[in-house]
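Please read the structure below before turning to the comments.
Any read-out appearing in this document is the output of simple, stated calculations on the displayed coordinates, not a laboratory observation. Model, not experiment: these values are computed from the prediction. Please note: Cβ atoms are built from the backbone with ideal geometry, for glycine as well, and neighbour counts cover all protein chains shown.
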Amino acid sequence: MDATDAESVNEETIRTVAREIGAADSTVALTGAGVSTASGIPPFRGSGGVWEEHDPRDFHITRFERDPAGFWIDRLALHGTMYGDREIEPNAAHEALAILESIGELDALVTQNTDGLHEDAGSWDVIELHGNGGRVICRACGERIDATTARERVREGETPPRCGCGGVYKPDVVLFGEDLPENALARSRILAERADVLLTAGSSLTVEPAASLPRRAADSGATLAIVNLDPTPVSDRATYDWRADLTDVLPRVADAVLNENRFRDERADDRSRR
Ligand SMILES: [Zn+2]
């Protein structure tokens, strides 16, 4: 399959998946870096990735604990590399998933991304496996504030930025060396096991727990649809393994589900008029 050819996913296949989503009791989505890079956010790993310019060891939890002031200065630089002054906005893939949820065809969305773009697009039930970089959390009392405010204070020389209680603020993301949030992890496992359809987009499915969620779903009999430019270690379990542009495929899936629903409603109307 040609990875660059969006036409490689034909309409008939899209309609088949749409019918499966329409018939499913539970559809769940799992998203990774590819959904963010489509909005212009550079990836962390790989060629052109953020770790070519920054040292990941500077963002380890032990570094934060040893030297929170230095950590925050590096964190500011990292933010500059990733976002600059650009306004980052959700793309067509984020919007398609938000539409599926709004019409009751997507139960929840599990994401490895920390940029908050799914929420910006209107997704409501988002399970953030790695936290949300748009917030910071006080290590002492747990209060959360906007990360923009914390970065502004670092820029003005407050290193590290502190909460009113005296505790140090930490980005509300899972740093290297930190455990994933237990609730998010437990819930995403249950969702994967109960899903009739698991739609994964933009994840290489190599990092845990994202790697094992699709297997869990497939083991429980779910239809697995994978949209990713590269093959994944779970691709052999996928019913649909699409090497395609997710900003093309996901909106087509959402449109097809909308059409399926319209068709179903019309038939129901016809029956009730008889
Ligand atoms: Zn506090």
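Relative to the current alpha-carbon distance between E11 and A211, full extension at 0.36 nm per residue lengthens the span by 69.2 nm.
Select from G34, N132, G104 the residue farthest towards the positive end of the dipole of region 1-145; place +1 on Cβ of Lys and Arg, -1 on Cβ of Asp and Glu, and compute about the Cα centre. After comparing all options, I get N132.
For region 23-107, the list of trypsin sites (Lys or Arg not before Pro) that fall in a loop by DSSP and count at most 14 other C-beta atoms within 10 angstrom reads R45, R86.
The convex hull drawn around the Cα atoms of region 133-212, when projected onto a plane and averaged over every direction, covers 7.0 nm². Remark: region 1-118 is approximated by an ellipsoid whose semi-axes, taken from the C-alpha gyration tensor as √(5λ), come to 35, 17, 13 Å, largest first.
Every helix of 4 or more DSSP H residues in the chain counts as -39500 (n - 2.57), and over all residues that averages to -12500 deg cm²/dmol at 222 nm. Remark: the S220-N261 segment gains 12.1 nm on full extension, using 0.36 nm per residue and subtracting the alpha carbon distance. State to the nearest 20 debye the size of the charge dipole of the chain about its Cα centre, where the only charges are +1 on K and R beta carbons and -1 on D and E beta carbons. With Lys and Arg at +1 and Asp and Glu at -1, about 660 debye. For the chain, the Cα gyration tensor yields ellipsoid semi-axes of 37, 19, 17 Å (square root of five times each eigenvalue, largest first, whole Å).
Full extension of the chain between T239 and D74 gives 55.1 nm of extra length, using 0.36 nm per residue less the Cα-Cα distance.
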